[in-house]
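Colleague: Below is a structure I'd like to ask you about.
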Amino acid sequence: MSLEDDGNSARPVNAGVGAKPANAQWGGRFAGGPSAIMQEINASIGFDQVLWRQDLRGSKAHARMLARAGILSGTDETAIRDGLDAIGAEIEAGTFVFETALEDIHMNIEARLSERIGEAGKRLHTARSRNDQVATDFRLWVRDAIDALDRQVASLMLSLAIRAAEHAADPMPGFTHLQTAQPVTFGHHLLAYVEMLSRDRGRLADTRRRLNECPLGSAALAGTSFPIDRALTASLLDFDRPTQNSLDAVSDRDFALEYLSALSIMAVHLSRLAEEIVTWCSAPFGFIRLSDAFTTGSSIMPQKRNPDAAELTRAKTGRIVGALMGLLTVMKGLPLAYAKDMQEDKEPVFQATDASALCLAATEGMVRDLVARTDRMRALAGSGYSTATDLADWLVRVLRLPFRTAHHVTGRLVGRAEARGVELAELSLEEMQAEEPGITAEVFAVLTVDASVASRTSEGGTAPDNVARQASAWIGRLQHPHGAAS
């Protein structure tokens, strides 16, 4: 026995150590058995056993359709359904033995079904192939994964929106090129990630909508001569419709590629937030503090509090994007229809899903856990001449200077302040008038951080009232997704 990781937990798998008889599920054509190496490279049960729920569901729907079409007797359908339920209980209890010689989850379940119920179990595979069976199971699994991840993304968005509401009026430095640009509020900054994650939810929803067609009944590649009802099968499995081309149905993995693409973009968003958390925790910034729950210490430096949850979230982006690149490479040269290469489609999807779920959980944990040091943010919000644009805007608005002229005047005033080592608001009125005689004492009112953020009232701007409204709207939509909140 050996342990193989299915992406969730290590389970025993019978490894096989030498040439064995051919798989009894398909071996009628073969006189000899595969070598140990052939069994090792050919088997996928070490990872695709996670599809067992979807395989049982698909098989029950297939049996129901066969019975209604008169291809299978009602007695056989009942025996199949009860047998599959019993197998599900065995798997849940950990007593089911997964056999490497049977290659995959589909053959393992079918073989066990025949052991339990006899001839009726051998009739289940009528009018289907492993090709359309696995394509269906995989779509069902990805659909379930999307639904679970969507709930996680929505929960993270809600946590961010709640924190944004708390800090709607707390200023912090806004950056471009990681240089101080203009003051914004911490709430406004957090809401930027709510917007990103909203698009991620949209991409996952689009993927789900496109994948929601049922391949079952396409058989190996050409369809079947049996009088099956593919619309019924699709309905029983909550698909919108059957797939329309049997060749495409068994060989399509666009849904997996699109899913991994959506996960990759989301991973980039989570990585960007993780990067900011790492930066904000550092002593030179000191914008936030994370508790012991999401930090670790150093083996040599007793003072250290390392934001490892954020760092690992950032790092797992490589694993998720790598899964997309790997599957794109697998698929790029495959002629129609099915090829065994496609066995390599599932493991990266399973691993990317696990990594995404973990990163979402860690990120939400950090968002809930962090304590914002608003005094530190405020102290730095006005640094680096961040209100220079407010000065230029005042020159345009009050003195009616062309913006480009106002830009040059402001640049010269920043140069004066920099030469003296003071902030813009610390220049005297006389010094300002030396660059532009029309400037009055009223200009100093716009050079404060609070005045700067309050003035950004354009739609989507950082004005605290804007931020509070947007945060409230998001909280309403996320807490009552089917209501009228906006």
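Read the figures in this text as sums done on the coordinates, not as results from a lab. Remember, predicted model here, so these are calculated numbers, not experimental data. Neighbour counts are summed over all protein chains in view; Cβ atoms, including those assigned to glycine, are modelled from backbone coordinates with ideal geometry.
Colleague: Using each residue's phi in segment 355-362, evaluate 6.51 cos²θ - 1.76 cosθ + 1.60 at θ = phi - 60° and report the 3J(HN,Hα) Karplus result to the nearest Hz, with x for Gly and Pro.
Modeller: Result, rounded to whole Hz: 5, 5, 4, 5, 5, 4, 5, 5.
Colleague: Any chance you could list the semi-axes, whole Å, largest first, of the equivalent ellipsoid that the Cα gyration tensor gives for segment 104-155, using √(5λ)?
Modeller: On the way: eigenvalues 197, 30, 12 Å².
Each semi-axis is the square root of five times an eigenvalue, giving 31, 12, 8 Å.
Colleague: Once you have the Cα-Cα distance between THR457 and LEU312, take 0.36 nm times their residue separation minus that, and quote the gain in nm to one decimal.
Modeller: Numbers: separation 145, 0.36 × 145 = 52.20 nm, distance 3.72 nm.
Between THR457 and LEU312, full extension yields 48.5 nm more.
Colleague: Would you calculate the separation in nanometres between label points at ALA339 and THR75, each defined as 7 Å from the Cα along the Cα-to-beta-carbon direction?
Modeller: Here the modelled spin labels are 4.7 nm apart.
Colleague: Moving on to the next point. Under 5 Å between amide hydrogens, which residues at least 5 positions from CYS214 or on another chain qualify, with H placed 1.01 Å from N in the peptide plane?
Modeller: When sequence neighbours closer than 5 places are left aside, the close amide H contacts are ARG241, THR243.
Colleague: Ok, one more. Within segment 400-473, report the trypsin sites (Lys or Arg not before Pro) that DSSP leaves as loop and that have at most 14 other Cβ atoms within 10 Å. Walk me through the numbers before you get to the answer.
Modeller: Details: sites: ARG400, ARG404, ARG412, ARG416, ARG420, ARG456, ARG469; in loops: ARG400, ARG456.
Those satisfying the criteria are ARG400.
Colleague: Compute the distribution of all C-alpha to C-alpha distances in the chain, in bins of 20 Å from 0, and list the percent of pairs in each, rounded to whole numbers.
Modeller: Answer for the chain: a P(r) of 20, 39, 25, 13, 3, 0 percent.
Colleague: Remind me, relative contact order of segment 413-475 in percent, using alpha carbon pairs under 8 angstrom and six or more residues apart?
Modeller: 17
Colleague: Taking the 0 to 90 degree range and rounding to the nearest ten, how far is the long axis of helix 464-479 tilted relative to the main principal axis of the chain, both from C-alpha atoms?
Modeller: Once rounded, the angle reads 20 degrees.
Colleague: Take the Cα pairs of segment 36-126, get the Kirkwood Rh, then feed it into Stokes-Einstein at 25 °C and 0.890 mPa s and tell me D in µm²/s.
Modeller: On the way: Rh = 13.4 Å.
It diffuses with D of about 182 µm²/s by this estimate.
Colleague: I would also like to ask the following. Please give the FRET efficiency for MET38 paired with SER198, using the beta carbon to beta carbon distance and R0 = 51 Å, rounded to the nearest 0.05.
Modeller: Details: r = 48 Å, r/R0 = 0.94.
The computed FRET efficiency comes out at 0.60.
Colleague: Shifting gears a bit: Over segment 149-257, what is the mean sequence separation of C-alpha contacts under 8 Å (at least six apart), divided by residue count, expressed as relative contact order in percent? Numbers along the way, then the final one.
Modeller: Values: 116 pairs, mean separation 22.5, N = 109.
Answer for segment 149-257 is 21 percent.
Colleague: Related question: For the pair HIS177 and MET301, what calculated FRET efficiency results from E = 1/(1 + (r/R0)^6), where r is the Cβ-Cβ distance and R0 = 30 Å, to the nearest 0.05? Walk me through the numbers on the way to the answer.
Modeller: Working: r = 31 Å, r/R0 = 1.04.
Given R0 = 30 Å and the Cβ-Cβ separation, E is 0.45.
Colleague: Cross-link partners among aspartates and glutamates for LYS340, C-alpha distance below 17 Å, same-chain residues fewer than 8 apart left out?
Modeller: Of all the aspartates and glutamates, those that pass the test against LYS340 - Cα under 17 Å, at least 8 places apart if same chain - are GLU40, ASP48, GLU103, ASP104, ASP132, ASP137, ASP248, ASP252, ASP254.
Colleague: Of all DSSP beta bridges in the chain, what percent run antiparallel (nearest 5)?
Modeller: Percent antiparallel among DSSP bridges in the chain is about 75.
Colleague: Here's a follow-up. Points 7 angstrom from Cα along the Cβ direction at VAL268 and ASP240: gap in nanometres?
Modeller: Spacing of the two 7 Å Cα→Cβ label points: 2.6 nm.
Colleague: Please state the relative contact order of the chain as a whole percent: Cα pairs under 8 Å, 6+ residues apart?
Modeller: Details: 729 pairs, mean separation 77.5, N = 486.
Value for the chain: 16 percent.
Colleague: For a quick check: with amide H placed at 1.01 Å from N, whose amide H comes under 5 Å from ALA181's, ignoring anything fewer than 5 positions away on the same chain?
Modeller: Amide H to amide H, under 5 Å and 5 or more residues apart or across chains, ALA181 pairs with GLY174, PHE175, THR176.
Colleague: Also: List the residues, sorted by chain then number, that are 5 or more residues from ASP170 or on another chain and whose placed amide H is less than 5 Å from its amide H.
Modeller: Amide H to amide H, under 5 Å and 5 or more residues apart or across chains, ASP170 pairs with PHE186, GLY187.
Colleague: Can you compute 3J(HN,Hα) from phi for each residue in segment 396-404, using the Karplus curve 6.51 cos²θ - 1.76 cosθ + 1.60 with θ = phi - 60°, rounded to whole Hz and x for Gly and Pro?
Modeller: 6, 6, 9, 8, 6, 6, x, 4, 5
Colleague: Along segment 265-280, what does the Karplus equation 6.51 cos²θ - 1.76 cosθ + 1.60 (θ = phi - 60°) give for ³J(HN,Hα), rounded to whole Hz, x for Gly and Pro?
Modeller: 5, 4, 4, 5, 4, 5, 5, 5, 5, 4, 4, 5, 4, 4, 5, 4
Colleague: Here is a follow-up. Note down the nm distance, to one decimal, between modelled labels 7 Å out along Cα→Cβ at GLN479 and at HIS408.
Modeller: Reported label-point gap for GLN479 and HIS408 is 5.4 nm.
Colleague: Sticking with this one: For segment 287-348, run through the trypsin sites (Lys or Arg not before Pro) and keep only the ones in DSSP coil with at most 10 other Cβ atoms within 10 Å of their Cβ. Kindly include the intermediate steps, with their values, before the conclusion.
Modeller: Details: sites: ARG289, LYS304, ARG305, ARG314, LYS316, ARG319, LYS332, LYS340, LYS346; in loops: LYS304, ARG305, LYS332.
Within segment 287-348, the qualifying trypsin sites (Lys or Arg not before Pro) (loop, at most 10 other Cβ atoms within 10 Å) are LYS332.
Colleague: With 32 Å as the limit, write out which pairs from LYS60/LYS346; LYS60/LYS316; LYS60/LYS332 have Cα-Cα distances beyond it, or answer none.
Modeller: Violating the 32 Å Cα-Cα cut-off are LYS60/LYS316; LYS60/LYS332.
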